[in-house]
Amino acid sequence: MTDLSPLTLYLAAPRGFCAGVDRAIKIVELAIEKWGAPVYVRHEIVHNRYVVEDLRAKGAVFVEELDDCPDDRPVIFSAHGVPKSVPAAAEARQMIAVDATCPLVTKVHNEAQRHSENGLQMVMIGHAGHPETVGTMGQLPNGEVLLVETAEDVATLSVRDPGKLAYITQTTLSVDDTAGIVAALQARFPAILGPHKEDICYATTNRQAAVKAVAPKIDALLVIGAPNSSNSRRLVEVGSAAGCAYSQLIQRATDIDWRALQGIRAVGVTAGASAPEVLVNEVIDAFRARYATTVELVETAVEHVEFKVPRILREAV
C-alpha cells in the first residue's frame, strides 16, 4: 500500500455547463447532423478550448467574422450574442443562419431595445471587448449604450439626460462587484431604471454562491475554465474575496501547479459555465494519483433549467 498524504477535495455544485452552453453546443451538433460538415461558427461557440476542439473534430469551422464564411454553408452565432448588424449581413447574403445566443442574453438585448424605444439612454455594466458586451451594445445605434466597468467609471459618465437612463449588465459578472457599481449609478442618477429581474444569470449567481460555501473549508481553490471565460475568471475572484489564499484558473489537470499545493489538505474544485464535467473528472483523477483523496460535494442549489434549440433545427431536412 502506498503512503499517500490524505487530502479532501470539495466539489462545488452547481458547477460546469449551464443551460445556455448546453443548448449552444447542441445547436452546432444538430446543424452538422442536418446540413453536414462544414458548418461555420462565428466566434468560439462557448469559451472553452476542449469544447471547441471537440466540435472542430465533428466538422465545425470557427471564424471571427461573417466575411470569413462562404455564402452556401450554414453559419451559427455564438452563445454570447452578436451585434444586430451581423444577422442583417447574413440575411443580405441569403445565408442559413442559426442563432445560438443564450436566451438570457437575448433577454438583456430585448430589455435594451425596449428602454431605447421609450427614449432612455442605456448604461451597460460589462467588460470592454467581451463578445457579450459587444453584442449587447450592438443592439442599439452608436452612443445609445454607455459602458462602465467599475464603480469609479460612474463618476466620469457623460449622459444625455440624467432623468432618462436605464442600466443593463453582462450576464456573467461578479454579483458582489456589480452590486457596488449599481449602487454608484443609483447614487449619481437617482432616476435610473434597472431590470425587473437582475441580468446576471442564474448559473453565474449559483456558481459564485457555491464557491462562497466551499471557501471556509479549503486551503486552495481550482477553477476549471478558459482564460477568456468571464464567468470562470469571476469565480477565481470570488474565491479570493471569500478568503482562499490560493485561487487559480486552470484549463485542465495538466495546468495544476503541484508545488503551490504542497502541504495543503483541503482543495475546492469548481468549473465555469462552459467547462465540461470530463475536465472536472480529469482533475479528480490527477489528485487521486498523488493523494489519498476523499471527495465531498458542497451543493448550494439544484438547477433544472433547459432551453429549446431553434425551430430550424427541430424541423427535418
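Laboratory data are not the source of any read-out in this text; all were calculated from the coordinates shown. Quick caveat, the model's predicted, so the values are computed rather than measured. Here Cβ is always computed from backbone atoms with ideal geometry, including for glycine, and neighbour counts include all displayed protein chains.
Packing around the peptides 242-253, 88-99, 57-68, 209-220, taken as the average count of other Cβ atoms within 10 Å per residue, puts them in this order, highest first: 209-220, 242-253, 88-99, 57-68. Shown for the chain: lysine pairs separated by 8 or more places, or found on different chains, whose C-alpha atoms are under 30 Å apart, numbering 23. Summarising the amide proton neighbourhood of G268: residues at separation of 5 or more, or on other chains, whose placed amide H is nearer than 5 Å comprise Y10, D219, A220, L221, L222. Residues T178, T136, arranged from fewest to most other Cβ atoms within 10 angstrom of their Cβ, appear as T178, T136.
Treating each Cα of region 165-266 as an identical point scatterer and summing with the Debye formula, the log10 of I(q)/I(0) at q = 0.16, 0.17 Å⁻¹ comes to -0.74, -0.80. Along the axis of the charge dipole computed for region 242-317 (Cβ charges of +1 for Lys and Arg, -1 for Asp and Glu, origin at the Cα centre), the listed residues V302, I312, A253 are led at the positive end by A253.
Each residue of region 223-229 was assigned a 3J(HN,Hα) from its phi angle through the Karplus expression (A = 6.51, B = -1.76, C = 1.60, θ = phi - 60°), giving 10, 8, x, 8, x, 9, 8 Hz with x at Gly and Pro. The Kirkwood radius of the chain, taken over pairs of alpha-carbon atoms, gives through the Stokes-Einstein law at 10 °C and 1.306 mPa s a diffusion coefficient of 76 µm² s⁻¹. Ranked by the mean number of other Cβ atoms within 10 Å of their residues, highest first, the peptides 157-167, 39-49 fall in the order 39-49, 157-167.
Residue-wise HN-Hα couplings along region 74-84, as the Karplus relation 6.51 cos²θ - 1.76 cosθ + 1.60 with θ = phi - 60° gives them from phi, are x, 10, 10, 8, 5, 4, 6, x, 10, x, 4 Hz; Gly and Pro carry x.
Across region 59-69, computed HN-Hα scalar couplings (Karplus, 6.51 cos²θ - 1.76 cosθ + 1.60, θ = phi - 60°) run x, 8, 10, 9, 10, 8, 10, 4, 4, 7, 9 Hz from first to last residue, x flagging Gly and Pro. For the chain, a crude dipole built from +1 on the beta carbon of Lys and Arg and -1 on the beta carbon of Asp and Glu, taken about the Cα centre, is about 400 debye to the nearest 20. Mean sequence separation of contacting Cα pairs (under 8 Å, at least six apart), scaled by the length of the chain, corresponds to a relative contact order of 27 percent.
At A245 and N142, where each label point lies 7 Å from the Cα along Cα→Cβ, what is the point-to-point distance in nanometres? Result: 5.2 nm between the two label points.
Using only Cα coordinates, the Kirkwood hydrodynamic radius of region 19-102 works out to 12.4 Å.
Residue ranges 125-135, 268-278 sort as 268-278, 125-135 when ordered by packing (mean number of other C-beta atoms within 10 Å per residue, highest first). Placing +1 on each Lys and Arg Cβ and -1 on each Asp and Glu Cβ, with no other charges, gives region 167-226 a dipole about its Cα centre of roughly 80 debye.
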